[in-house]
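Have a look at the structure below before the remarks.
The values are calculated or read from the model by the stated rules, or taken from the named source; none is laboratory data. Only a predicted model underlies this, so the values are computations on that prediction, with no experimental measurement involved. With ideal geometry, Cβ positions are generated from the backbone for all residues, glycine too; neighbour counts draw on all protein chains shown. Side chains are part of the model used for accessible areas, which takes the heavy atoms of the whole protein and leaves out ligands, DNA and RNA. Shrake-Rupley method; radii C 1.70, N 1.55, O 1.52, S 1.80 Å.
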Amino acid sequence: MSAPPDSLSSRYAAVRAQTESLAGPLSAEDCALQSMPDASPVKWHLAHTTWFFETFVLESHAAHHEPFDRSYRHLYNSYYNAVGEQFPRAQRGLISRPSLEDIRRYRSCIDARMAALLDGGRLPEAALALVELGLNHEQQHQELVLTDVKHLLSLNPLAPAYREAPLDTAPAPGACGWTAFTGGLREIGASGAAFAFDNEMPRHPQYIAPFAIADRPVTNGEYLCFVEDGGYRRPSLWLSDGWVAVNTHGWEAPLYWRKIDGAWHEYTLHGLQPLDPARPAVHVSQFEADAYARWAGARLPTEFEWEVAAGTASGDGHFSGSGELHPRASGRDPLAAMLGGVWEWTQSAYAPYPGYRAAEGAVGEYNGKFMCNQHVLRGGSCATPAAHIRPTYRNFFPPAARWQFSGFRLAQ
């Protein structure tokens, strides 16, 4: 379901402005660099999100549309084979030209054309749905701007801060509790009454056995016990591919943990900080989360258990609009704020729901073709826009991925 054109026009302007705001603290050099193949330069994010609106909305629905620059169709296509060839993902940092100024002119031009299209009214439902998809797509890239910049800045020996505001020491969350749920058939997935991605549908019955889920994510202090107990040196705790990853990449702790003069620190978007034991453990892979759960005598929840539990959760989430770009300690209320803070790994493979059908055309490549060799994360993070997330939202990454704001909670 799409929003009325007038509200869509104002939301379009707000979402696009927020992306520019995220790039505001960065230099042109910051925006041009690519730290690894899985990350993209900020300049590329700014261009690609604009390419989406030009390619999927303006080309089909704006009268007499002329491309801003025909070369951009190739340079900023991410993975849409139906649109044409793509520039290699691992080489996006080599696109020094067009310049950052050129890309900002591109954004301004496409924004003006989109405003005229939306303000003109009389758009078909299909066009409005594409705009809605584009806005949610851009919000995904807003989070990617933060995660990719964090990885980039973490490689700088000066450990520069993206945001200079200091982080307070978090209050201890107390011992982890458990909330039990009865089994039975539960309705899972989005109903379609409001926007949802195609991978959240169709809503369907799912049998769930009785289970219990932790009231909060695993903390740094708890995870440190796993590290100090030799968790990364005990193959019996690890899935086979996880143990290969540990040895191939030399993992000894979560991605941004650093031991300095015998004390653990953590690189954050607010700079290098002493490791706060009360805050959630973050930037761990699904392999690490699974190994910790085995060490703790528990397991990861399925994505269906997680969704059932999230339907009863209370409390305010911690999202990117707070300005604190590092997960806060959880509240003491049971299942408080399952949305926000850290993305939570589940044990569920990313697969289609019964009856799933990809959308027609190129946008059908958005989610469906990635339903292989990925695991589902739920809940959103401190880098996610609050308006973007919902209990049915299915994020997905390969189980070795660590640069997202990924944490986990336990289940029994």
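Placing 33, 339 in order of accessible area, with the largest value first and a 1.4 Å probe, yields 33, 339. When only alpha carbons are used to place a centre, the range 78-150 and the range 6-74 end up 3 Å from one another. Here is the tail figure for the range 31-77: Cα pairs spaced more than 15 Å apart come to 48 percent of all pairs.
Any chance you could tell me what percent of the C-alpha pair distances in the range 69-216 go past 22 Å? Percentage above 22 Å: 68. Under the combined filter of DSSP loop state and at most 14 neighbouring Cβ atoms within 10 Å, the range 41-113 retains these GluC sites (Glu not before Pro): 85. For residue 369, the solvent-accessible surface computed with a 1.4 Å probe is close to 90 Å², ligands and nucleic acids excluded.
The alpha-carbon of residue 259 sits under 21 angstrom from the alpha-carbons of these lysines, leaving out residues fewer than 8 places away in its chain: 150.
Of the trypsin sites (Lys or Arg not before Pro) found in the range 35-123, those in coil by DSSP whose Cβ has at most 14 other Cβ atoms within 10 Å are 70, 122. Using just its DSSP H runs of length 4 or more, each adding -39500 (n - 2.57), the chain gives a mean residue ellipticity at 222 nm of -10000 deg cm²/dmol after division by all residues. Here residue 61 sits with roughly 60 square angstrom of accessible surface, probe radius 1.4 Å.
Binned at 10 Å from 0, what are the whole-percent values of the Cα-Cα distance distribution for the range 55-96, short to long? Spelled out bin by bin, the range 55-96 gives 25, 50, 21, 3 percent. Leaving out ligands, DNA and RNA, and with a 1.4 Å probe, what % of the accessible surface on the range 13-152 is carbon or sulfur? Carbon-and-sulfur percentage of accessible area, whole number: 53. Volume per residue for the chain equals 141 cubic angstrom (convex hull of Cα atoms).
Between the range 356-386 and the range 270-284, what's the alpha-carbon centroid distance in Å? Cα centroid to Cα centroid, the span is 27 Å.
With helices defined as uninterrupted DSSP H runs, which ones in the chain have an alpha carbon span along their own long axis of at least 20 Å and mean Kyte-Doolittle hydropathy of at least -1.0?
Working: long enough: 5-23 (27 Å, -0.38); 100-120 (30 Å, -0.20); 125-154 (44 Å, 0.05).
The answer, listed by residue number, is 5-23, 100-120, 125-154.
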